[in-house]
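Visitor: The structure that follows is given in the form of structure tokens.
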Amino acid sequence: MNPIIPPKTIPYFMLFAIVLGTYFLFTSYTVIALKKIRRKRKILYNGMNILNVSQLLYRIKGNAKLFATIALLSAAALPVSNLPIYNMMIPILISSGAYCIIYFGYYVNKIDTRNNISTSSI
């Protein structure tokens, strides 16, 4: 079995796609959405919206890189903070005999002789 994309490169591809998508979300999409709101006269001329939308558009254009950086750092920090809990739970699950499937990578019919666990790729 020869996969199209090598399994070791998938996390890097996902990381690149997430970073690129988050950057474009803050630099392009929010600016386009606010410009569409500015084109709708009914919404724009209602109360203080003319000042609020223009000021928000100006600030988002200036702070887009900062917003993208904060979003990516918080998205990276949440899984890392849960890693010790995950590592603590694996021995408990194995010793209790719970029926669960844990996928550790790309294995093809390898047998773990210590715990009598057989793994195979799907």
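Visitor: Any residue at all in region 1-10 that's within 24 Å of Ser74 (Cβ to Cβ) and either touching a Cys at 6+ places or on another chain (Cβ under 8 Å) or part of a helix (DSSP H, G or I) (or both)?
Guide: If we filter region 1-10 for residues that are within 24 Å of Ser74 (Cβ to Cβ), which is where we start, we get 10.
Adding the requirement that they be either touching a Cys at 6+ places or on another chain (Cβ under 8 Å) or part of a helix (DSSP H, G or I) (or both) leaves 10.
Within region 1-10, one or more residues are within 24 Å of Ser74 (Cβ to Cβ) and either touching a Cys at 6+ places or on another chain (Cβ under 8 Å) or part of a helix (DSSP H, G or I) (or both).
Visitor: Follow-up question, since we're still on this one. So, in region 8-53, how many residues would count as being within 24 Å of the chain's Cα centre (by Cα), more than 16 Å from Ala64 (Cα to Cα) and among the β-branched types (Val, Ile, Thr)? Quick ask: steps written out before the conclusion?
Guide: Step one: of region 8-53, the residues within 24 Å of the chain's Cα centre (by Cα) are 8-33.
Pick out the ones that are also more than 16 Å from Ala64 (Cα to Cα) and you get 8-17.
Remaining after also requiring among the β-branched types (Val, Ile, Thr): 9-10.
Residues meeting the conditions: 2.
Visitor: Any residue in region 17-38 that's in a helix (DSSP H, G or I): show its pairings with residues that are surrounded by 14 or more Cβ atoms within 10 Å (Cβ to Cβ) and aromatic (Phe, Trp, Tyr) at Cβ separation under 7 Å, as long as the two are six or more apart or on different chains.
Guide: The qualifying pairs are Phe26/Phe67.
Visitor: Still on this structure: Are any residues in region 61-93 more than 26 Å from Val19 (Cβ to Cβ), surrounded by 11 or more Cβ atoms within 10 Å (Cβ to Cβ) and modelled with pLDDT of 70 or more, and if so, which ones?
Guide: Of everything in region 61-93, those that are more than 26 Å from Val19 (Cβ to Cβ), surrounded by 11 or more Cβ atoms within 10 Å (Cβ to Cβ) and modelled with pLDDT of 70 or more turn out to be Met89, Ile90.
The values are calculated or read from the model by the stated rules, or taken from the named source; none is laboratory data. Keep in mind it's a predicted model, so treat the numbers as computed, not measured. With ideal geometry, Cβ positions are generated from the backbone for all residues, glycine too; neighbour counts draw on all protein chains shown.
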